[in-house]
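Read through the structure below, which is laid out as structure tokens, and then see the notes.
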């Protein structure tokens with residue numbers, strides 16, 4: 001989770017990712033950000049997030065994103 | 001059948017009455033029947049196309065679903081005995097089989113689309129040179145680009161298991177052919193649209209009223225504004241109109257396409273709303289955008305979403321891209337990090353370009369959009385410093401400046417639609433910097449474009465009205481909701497006034513250009 | 001609450017419909033000033049019933065025959081259902097509609113329109129559409145009108161699904177709001193009669209001067225469609241026991257070719273009809289082309305029309321046995337009124353020219 005927050009902070013230093021729950025709905029993250037995050041996670045956790053998981057529900061909060069990563073690591 | 005034809009209105013009216021009179025269980029069947037009537041009305045020769053898409057999509061999705069079901073069952077039964085690796089391998093094998101079904105379906109459908117588009121190249125060029133070109137006719141014959149993208153999106157969703165396959169072929173047929181959106185979209189996602197299509201609808205006076213109001217507003221934009229200014233757009237495309245005249249063309253075309261496209265979508269979405277079905281919004285006041293990324297989140301949204309979900313994301317998170325990303329980051333630093341995104345963007349915009357047409361100007365159009373998106377992304381850091389240094393973001397006028405800048409930039413990119421020969425486009429753009437013929441504004445040129453003084457007055461009034469409405473929507477939300485709070489008599493009076501304006505000032509019917517015929521000599 | 005809002009909705013709808021109707025009435029051309037021909041078809045209904053003779057056709061009937069003269073000289077009750085460039089299917093449907101209002105002894109049809117086989121064969125389509133309007137807008141609603149519309153629409157009208165704009169003329173005249181004149185307000189509810197039982201009077205004189213040479217045609221055969229409707233006319237009149245008389249008015253233009261005449265002679269013979277080519281009777285009628293035409297030979301003026309009526313009335317009496325109604329008090333009263341209007345009009349027009 002720590003690492004994930006680091007990745008996110010680097011993208012948007014002005015956003016508090018621990019509390020923000022509408023990263024997509026409030027248009028904080030755009031599609032470029034999402035792709036960058038996917039690449040970072042791939043590099044950091046060695047987890048490939050498939051295209052079908054790139055939906056708002058998975059990216060609206062750092063928590064949701066982390067849950068996704070854990071789920072994928074589990075599989 | 002044109003959505004502006006009397007026949008369409010009559011068709012819609014009869015359908016609406018029947019829709020709320022018959023038993024609710026039969027409503028979706030009626031919609032299916034109406035959609036096919038609509039399609040047949042346009043020409044029996046096109047029926048084969050939509051049937052082929054429907055049947056192939058149904059076959060592919062059912063095959064994938066059966067395979068997925070079998071797999072899930074096997075996995076559940078052998079949960080204990082299989083190791084993690086074995087499970088993974090089994091799943092991967094199943095996915096490979098499904099991929100064959102999916103690819104077969106995609107190749108077949110996009111192959112047909114490509115052939116249709118290729119056949120359209122010559123007519124398109126002819127229409128463009130004759131000046132009868134319309135952006136909306138690109139999807140023809142009969143919205144094939146729209147229903148096909150919608151169907152293929154569904155097939156991919158089934159493959160990805162993000163939505164369940166529809167087992168009833170008739171229900172799927174309705175999803176493919178739902179007639180209000182057949183002509184020009186929006187391109188809906190199955191999960192969002194389909195459940196609404198099949199569910200029973202109770203009569204809701206407010207929804208019906210809202211839907212009809214929205215249709216009327218759409219007709220206003222299309223008939224009073226877009227179809228009126230069209231005459232000047234045709235004239236201004238001529239080779240003699242360069243420099244300032246060309247700039248005027250880009251503005252007029254912006255008005256025309258906005259009225260035409262958003263007006264058409266208003267009719268579509270309004271009719272669906274009257275039927276109790278909520279379609280996704282395709283436009284959110286795009287001309288108020290401050291940067292190009294925002295513009296593309298507000299203009300033709302459903303196409304952008306489709307491209308993002310089915311082209312941009314799959315490419316940018318594919319294994320080769322992730323590898324490229326790792327390599328680029330090592331060697332190119334921060335820019336390398338963004339490189340994969342840019343590669344995916346170029347591919348996406350290339351596809352978006354050829355979706356509009358297979359002529360070089362549409363490829364150029366896609367590439368220009370892509371170029372400016374990448375450019376603004378690369379310069380964003382620079383911008384932020386600049387803004388911060390002069391505190392520009394806090395100044396009100398600066399917002400207006402950003403909007404104007406974006407409007408002009410998008411106008412200059414969009415106008416390439418009209419020039420199948422890209423050389424013509426570049427020479428026009430060049431003339432903007434070499435020819436300062438401002439005199440066309442007052443030397444009478446404007447009166448020779450096919451518009452009378454009265455036309456200019458109506459257009460000016462109409463544009464002011466559209467602008468005001470957009471501004472209110474931006475600041476206060478739905479106009480129809482605001483009206484709904486008012487005294488019904490006031491509301492009806494306003495709606496009636498708009499109806500009269502559309503009826504009297506709309507550019508439709510025989511004799512529009514020969515309106516003085518009655519008092520001509522005999 | 002609910003009841004009240006439904007009532008408001010209905011009341012507002014009613015008001016809106018009334019306003020739309022008013023708007024439509026305002027925007028429709030009134031044809032009271034310079035283009036009076038457009039009002040002719042609509043004037044029939046006030047004078048329908050009890051006519052022994054009904055003339056049907058284009059300008060060659062409504063400019064050339066004076067029913068008032070036929071009344072004065074022979075006691076013949078007659079009326080003209082003419083409109084500019086009326087095509088043969090329009091004539092047929094007008095005939096069909098006429099039988100809903102009266103069953104005349106004689107139907108007179110002017111055969112010039114045999115030369116136009118389809119709406120497309122008449123030349124300028126914009127003008128054709130204007131003529132369609134003048135013939136069709138004035139008709140009251142009936143199946144005949146609907147069929148006539150279907151048969152008459154030009155390609156452009158079909159493209160715009162023009163039938164709806166005949167049903168709701170507002171859709172056709174919607175852009176006239178910028179051209180409204182005093183006339184449109186003056187005649188909003190009540191129009192004047194511009195004709196005398198369908199006859200549109202002209203008092204000017206423009207003598208016939210020299211003949212225009214018309215190039216010969218490649219093919220003189222009348223079209224299939226024309227014959228189709230002529231056959232239907234014969235059939236229709238037979239059904240109602242009405243005698244159909246074919247005429248060619250004595251107008252010099254457009255040219256009436258001998259080959260055409262021959263076809264009509266043969267047709268009349270085959271169907272046992274009376275066909276009168278009045279071009280051949282000019283001398284007997286006594287037309288003086290330096291005096292009796294207002295447009296150099298295309299149409300007769302009132303002096304010519306009176307002469308022609310006098311000549312043709314005799315044919316109607318002698319060959320068709322049309323009765324003299326001057327002894328009938330009731331009919332005489334009605335016609336006395338018409339005669340009065342006729343002479344008032346004539347005087348007024350003469351004073352103008």
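Where a number appears in this text, it was derived from the coordinates with a stated rule and is not lab data. Because the structure is a prediction, the values reported are computed rather than measured. Neighbour counts run over all protein chains shown; Cβ positions are idealised from the backbone, glycine included.
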Kindly state, to the nearest 0.05, the FRET efficiency for residue A:20 paired with residue B:326, given R0 = 35 Å and r defined as their beta-carbon distance. 0.80
Give the order of C:122, B:452 when sorted by the count of other beta carbons within 10 angstrom, beginning with the fewest. B:452, C:122
Using a Förster distance of 22 angstrom, determine the FRET efficiency expected from the C-beta separation of residue B:104 and residue B:74, and round it to 0.05. 0.40
Determine the distance separating the Cα centre of region B:223-276 from the Cα centre of region C:302-317; give it in Å without decimals. 61
How many Cβ atoms of partner chains, on average, are near each residue of C:157-165 if near means within 10 Å of its Cβ? 5
Please give, to one decimal in nm, the separation of the simple spin-label points placed at residue C:333 and residue B:202, each 7 Å out from Cα toward the Cβ. 6.7
Any idea what the relative contact order of chain C is, in percent, if you count C-alpha pairs under 8 Å spaced at least 6 apart? 25
Under a crude label model (7 Å from the Cα following the beta-carbon direction), how far is residue B:387 from residue C:10 in nanometres? 5.8
Determine the distance separating the Cα centre of region B:176-204 from the Cα centre of region C:23-42; give it in Å without decimals. 47
In percent, how large is the relative contact order of region B:288-422, given Cα pairs closer than 8 Å and 6 or more residues apart? 30
Given the -39500 (n - 2.57) contribution per DSSP H run of 4+ residues, what per-residue ellipticity at 222 nm results for the protein assembly as shown, rounded to the nearest 500 deg cm²/dmol? -19500 deg cm²/dmol
Taking a crude spin-label model, label points 7 Å out from Cα along the C-beta direction, the residue C:353 to residue C:3 distance in nm is 6.7
Going by C-beta contacts inside 10 Å, put C:328, C:292, B:260 in order with the fewest on the left. C:328, B:260, C:292
Report Rg/Rh for region B:288-422, rounded to two decimals, where Rg is the Cα radius of gyration and Rh the Kirkwood radius. 1.01
Taking every DSSP beta bridge with both residues inside the protein assembly as shown, roughly what % is antiparallel (nearest 5)? 10
For C:196, B:443, ascending order of other Cβ atoms within 10 Å (fewest first) is B:443, C:196
Region B:6-203 shape via C-alpha gyration tensor axes, a/c threshold 1.5: oblate
Take the alpha carbon gyration tensor of chain B, find the square roots of its eigenvalues, order them as a ≥ b ≥ c, and report rounded if a/c is under 1.5; if not, report prolate when a/b exceeds b/c, else oblate. oblate
Cα centroid separation - region C:1-18 against region C:130-167, whole Å: 33
Taking square-rooted eigenvalues a ≥ b ≥ c of the alpha carbon gyration tensor, is the protein assembly as shown rounded, prolate or oblate, where a/c under 1.5 means rounded and, failing that, a/b exceeding b/c means prolate? prolate
Any chance you could give the angle, 0 to 90 degrees and rounded to 10, that helix A:2-11 forms with the longest Cα principal axis of chain A? 50
As I understand it, the value is the acute angle between the Cα axis of helix C:302-320 and the longest principal axis of the Cα atoms of chain C; what does it come to in degrees, rounded to 10? 70
Over chain B, calculate the relative contact order: mean separation of alpha carbon pairs under 8 Å at least 6 apart, over the residue count, as a percent. 17
If I fit a long axis through the Cα atoms of helix C:224-239 and take the longest principal axis of the Cα atoms of chain C, what angle between them do I get, 0 to 90°, rounded to 10? 90
Gained length - residue C:192 relative to residue C:344, 0.36 nm times residue gap less alpha-carbon distance: 53.3 nm
